[in-house]
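Laboratory data are not the source of any read-out in this text; all were calculated from the coordinates shown. As the structure is a computational prediction, the values presented were derived from the model and not from experiment. Cβ sites come from the backbone with ideal geometry, for glycine too, and all protein chains shown count toward neighbours.
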Amino acid sequence: MKYIIKPLASFLSLIVFAGFLSVAPVTVTAQVKGEAAGNRVKATSTEAVAKNFCKSFSVLADKYKKNIDEQISKLEDKINTEAKNIQNDRQKFDDNLDKVKQNWGKERLNIYNKLSAKATTDAQKQALAIFKAAVDAAITARENAIEAARTAYRQGVDRIIAQRKNEILQAFSSYKSNLALVLQQVANNCASDSVSLTNIRQIYQNNLETIKEARINAIQTIDKIGPKIKELAKTRNAAIQQAIKTYQSALQSAIAALKAAFPQTNLPKAITTENNL
């Protein structure tokens, strides 16, 4: 039995998306006019730039804060949407599987009825009862083992995705906190005479670059989930294959015993080919 989670590819692409989200720095320039020798010329004054930077920074700081909040919100929405898609796909799979099981049950009952019609002796009737019990027990054991493997796989995937989500959001949350500190430092420097106006903007840009690199590094150091999910799938598939193998072995033994009780009878094709049981 195969089980493929389609949204996982989307979720992996989401991780890449998160790595590139950033708050782009705003370059503030100011031009002042000066007069020299009776002519009006445009000149850029370092001090004027610094003063203008401090004057307009409160507006820029608000834009920064709004920008990072919007990006975090979009990231959370995208992660939650992909998680919901995974759950929806699982439900569709389970619903389809239930329908298949119901069809198998109907086919199996039909086979039992055909065998009952062929059981004319007490020995054959007893052999049929033993056969039915053995097949039903084998099917129950198979389904329980497969369901356990599938549940363990899904729970493992959920844990990995949840951890990945938390780590990514934590990286952005830390960046948001660090950004608030950087912005506050600019406000403090602009209000203080202890820092040269010409250095305020440069200090700000250096600090902003530092926290951006820290966020990128934090995301890059988060373990990739692809290999972990593949390992879970490998474990699940191995458990399913073992369950099927054990079931087939029990079924073959049950069919052999049944055939011995019906030596001169043509049994239903499904019995001889082990289909729909």
Considering only Cα-Cα distances, which of the following residue pairs are longer than 26 Å: Lys78/Lys176; Lys74/Lys212; Lys118/Lys245; Lys132/Lys230; Lys63/Lys212?
-> Lys118/Lys245; Lys132/Lys230
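With r as the distance between the Cβ atoms of Asp69 and Ala191 and R0 = 25 Å, compute the FRET efficiency 1/(1 + (r/R0)^6) and round to 0.05. It would help to have the intermediate numbers written out before the result.
Working: r = 25 Å, r/R0 = 0.99.
That gives a FRET efficiency of 0.50.
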Karplus ³J(HN,Hα) for the range 189-205 (6.51 cos²θ - 1.76 cosθ + 1.60, θ = phi - 60°; Hz, whole; x = Gly/Pro) runs 5, 5, 8, 10, 9, 7, 10, 4, 4, 6, 9, 4, 5, 5, 4, 4, 5
Calculate one ³J(HN,Hα) per residue across the range 252-259 by plugging θ = phi - 60° into the Karplus curve 6.51 cos²θ - 1.76 cosθ + 1.60, and present them in order as whole Hz with x for glycine and proline.
-> 4, 5, 5, 5, 4, 5, 5, 4
Tell me, what HN-Hα J-couplings in whole Hz come from the Karplus equation 6.51 cos²θ - 1.76 cosθ + 1.60 at θ = phi - 60° for each residue of the range 68-76, using x for Gly and Pro?
-> 5, 5, 5, 5, 5, 5, 5, 5, 4
